[in-house]
Amino acid sequence: MDLILKIILVSALLANNVYAANPIKIFRSANQQVQLDLIKSGLGVVWGFDFINNEKLIFTERNGKMKTLHLEKKVIHEIKGLPKIDSVGQGGLLDIALHPEFSKNSWVFMSFTQKYDAGVGTIIAKAQLQNNKLINYKELFRTNPPGSGGQHFGSRIVFGKDNTIFFGVGDRGNRPRVQKLKYPNGKLFRIKQDGSIPEDNPFLGNKDAIKSIWSLGHRNPQGMAIHPETGELWEQEHGPKGGDEINLIKKGLNYGWPIITYGKEYGGSTIGPKSKPGLEQPIKHFTPSIAPSSLMIYSGKLFKKWKGNFFSASLKLKHLNRIVIKSKKVIREERLLKDLNERLRNVREAPGGEIYFSTDHGNIYKLSLAKH
């Protein structure tokens, strides 16, 4: 068999994941041997995913498709019945989160972008999954008014300990609206699962405010996580040139953008001071930027040494970031998988404690304990 034929054969085998059982690499972190495996390749930009069970996950491709993947058989099924989705710039079909009792009720929650009212906005909706089709669709939230352009839509979806829903919307490139409560730009939101407003939301008494707002002063939140032990809401957002942030989110507080920031304009000029009374400081900022795209706080189920560690996927610097935070201070940061050279998009913990992540190159990977 000549060399060219061998190359073609190996490429075909990789595309069909024949080699998926063989680890791509084994590396060491926190005195643990960690194994990296390629689970599936040849996909679109896998923006979000969640686990139906131990054997199957459901994922979104930013181009507007939703699919399931059997993790062992590698079989993919496309989900039908999606709403109208407009892939504009950074927008499209974005996050997906299954109801905490999905096995009983089949509810799927999703975020996506759509053109309406001469603009483009972020929409949060839910539907039930039945035989690879979405039924009983219901829209829960839409940004009003929508924005122009195709940047900074947000938006991860997480369930609080009380089963309310948190999600974020970016500033949409319109900085003056971020500090005004009548606009959705640059805010985190909290709603009930039917789209109604919780009675203890912070701005219910403000007649000019959007009642679902939970916090403000955010640039582009693309990472959100609930701490598995404390129930705290943590958020990660893109800064401009520098100033990416990890924030501990508290009810009704202002996180400063664009009044304060550790970042600068892309041309290098100053935007504002780094701090100001009454505005919250980040727990961690990245300068220069790593372009963080998701956030996960690990339970410790499989990787005991990583219990409570924060993991984020980096787009610009192309690595998986591991951060140890104690008493609201960062005491360690480790940048993993830099040699993979892919834009990491989303990271989540599987039911068994394995860590899965997706990339803009159309790949889904798994981290597990290396077999001795």
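The values are calculated or read from the model by the stated rules, or taken from the named source; none is laboratory data. None of these values were measured; they are calculated from a predicted model. Cβ atoms come from the backbone with ideal geometry, glycine included; neighbour counts cover every protein chain shown.
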**Report entry** Test result for Ile246, outside any loop (DSSP other than H, G, I, E, B), of a type in the set (Val, Ile, Thr) and out of contact with any Phe, Trp or Tyr (no Cβ under 6 Å at 6 or more places or on another chain)
**Finding:** yes
**Report entry** Subset of region 172-185 [closer than 18 Å to Phe203 by Cβ, out of contact with any Leu (no Cβ under 8 Å at 6 or more places or on another chain) and in a loop (DSSP other than H, G, I, E, B)]
**Finding:** Lys180, Lys182, Tyr183, Pro184, Asn185
Query raised in the report: Looking only at region 250-297, which residues are surrounded by fewer than 13 Cβ atoms within 10 Å (Cβ to Cβ) and of a type in the set (A, V, I, L, M)?
Result: none
**Report entry** Residue list for region 113-150, restricted to those being polar (S, T, N, Q) and either within 18 Å of Lys80 (Cβ to Cβ) or buried (at least 16 other Cβ atoms within 10 Å of the Cβ) (or both)
**Finding:** Thr113, Gln114, Thr122, Gln128, Gln130, Asn131, Asn132, Asn136, Thr143
Report summary line: The condition of being without any contact (Cβ under 8 Å) to a residue 12 or more places away in the chain and more than 18 Å from Arg142 (Cα to Cα) holds, among Pro202, Pro176, Pro240, Pro228, only for Pro176
Query raised in the report: Somewhere in region 54-64, is a residue buried (at least 22 other Cβ atoms within 10 Å of the Cβ), over 18 Å from Tyr356 (Cβ atoms) and touching an Asp or Glu at 6+ places or on another chain (Cβ under 8 Å)?
Result: no
Query raised in the report: So how many residues does region 287-306 have that are on the phi < 0 side of the Ramachandran plot and small (Gly, Ala, Ser)?
Result: 4
Query raised in the report: Got a sec? Which of Asn31, Asn53 is touching a helix residue (DSSP H, G or I) at 6+ places or on another chain (Cβ under 7 Å), of a type outside the set (Asp, Glu) and touching a residue at least 60 places away in the same chain (Cβ under 8 Å)?
Result: Asn31
Query raised in the report: Pairs under 8 Å by beta carbon, first residue more than 25 Å from Gly195 (Cβ to Cβ) in region 142-153, partner buried (at least 24 other Cβ atoms within 10 Å of the Cβ) and not hydrophobic (A, V, I, L, M, F, W, C), six or more apart or different chains?
Result: Ser148/Arg172; Gly149/Arg172; Gly150/Gly91; Gln151/Gly170; Gln151/Arg172; Gln151/Asn220
Report task. Scan region 80-111 for residues that are without any contact (Cβ under 8 Å) to a residue 40 or more places away in the chain and part of a loop (DSSP other than H, G, I, E, B) and jot them down. Result -> Lys84, Ile85, Asp86, Ser87, Glu101, Ser106
Report task. Using the structure shown, decide if Lys65 is touching a Lys or Arg at 6+ places or on another chain (Cβ under 9 Å) and modelled with pLDDT of 95 or more. Result -> no
Query raised in the report: What residue, among those in region 262-294 that are in contact (Cβ under 8 Å) with a residue 40 or more places away in the chain and in a loop (DSSP other than H, G, I, E, B), is farthest from Leu336 (Cα to Cα)?
Result: Leu279
Requested in this report: Determine if region 117-138 includes at least one residue that is part of a loop (DSSP other than H, G, I, E, B), touching a His at 6+ places or on another chain (Cβ under 8 Å) and either in contact (Cβ under 8 Å) with a residue 24 or more places away in the chain or among the polar types (S, T, N, Q) (or both).
Outcome: yes
Query raised in the report: Among Asn22, Asn53, Asn17, which is under 18 Å from Lys73 (Cβ atoms) and modelled with pLDDT of 95 or more?
Result: Asn53
